[in-house]
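Contents: one structure, followed by commentary.
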Amino acid sequence: MTTVLRALCVYAVLLILFRIAGKRTLAQITTFDLVLTLIISEAIQQALVDNDNSLTSAFILVITLVSLDIGLSFLTNRSPRLDRLLEGLPVVVLERGTPVPEHMQREGVTRNEILEAARESHGLERIEQVKYAVVEPNGQITIVPARPS
């Protein structure tokens, strides 16, 4: 039973931590992020298993974590409020070609990232060619191009 409780606690802490870190943190993984993830996983591994390195304990941990993930997925599909809490909402960071600085700062998005997304998705070259830029709950930037005049 302590293995299950440990798994639940670790899952909850990591979920909260990554939710606080923001959407963009997970959308654009850098070398630093990968190294940090590996270090976190090693540190958490010790908290999960304590002194029990048995195969049974490992299976219980995996089953608990996967069940928790499936359960939360089921609940967020049924509850828009819980989905908003855990996943967040899309955020407009550029509106009618004009950046929304407070949204950009809160979401950790730069003008260059918006332009990069505009080039990748629509081949746009200037910020004025973008009608809307939206940071989606998964951290990706969606571009809605302005109609040509």
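The values are calculated or read from the model by the stated rules, or taken from the named source; none is laboratory data. Small disclaimer: the values here were computed from a predicted structure and weren't measured. Note that we place each Cβ from the backbone using ideal geometry, even for glycine, and neighbour counts take in every protein chain shown.
Brief remarks follow.
- Candidate set from segment 117-132 (those that are surrounded by 12 or more Cβ atoms within 10 Å (Cβ to Cβ) and free of Cβ contacts under 8 Å to residues at least 24 places away in the same chain); member that is farthest from the chain's Cα centre (by Cα): 124
- So residue 114, is it buried (at least 16 other Cβ atoms within 10 Å of the Cβ), over 30 Å from residue 1 (Cβ atoms) and touching a helix residue (DSSP H, G or I) at 6+ places or on another chain (Cβ under 8 Å): yes
- Within segment 119-149, the set of residues being of a type in the set (Gly, Ala, Ser) and either at pLDDT 95 or above or under 26 Å from residue 80 (Cα atoms) (or both) comprises 133, 139.
- Segment 124-146, subset touching a Ser or Thr at 6+ places or on another chain (Cβ under 6 Å) and of a type in the set (Val, Ile, Thr), residue farthest from residue 102 (Cα to Cα): 143
- Here residue 108 passes the criteria (1) at pLDDT 90 or above; (2) crowded, with 16+ Cβ neighbours inside 10 Å except the one numbered (1).
- Some residue of segment 65-83 being out of contact with any Phe, Trp or Tyr (no Cβ under 8 Å at 6 or more places or on another chain) and more than 22 Å from residue 15 (Cβ to Cβ): no
- Out of 73, 67, 57, sole residue that is in contact with a helix residue (DSSP H, G or I) (Cβ under 8 Å, 6 or more places away or on another chain) and surrounded by 11 or more Cβ atoms within 10 Å (Cβ to Cβ): 57
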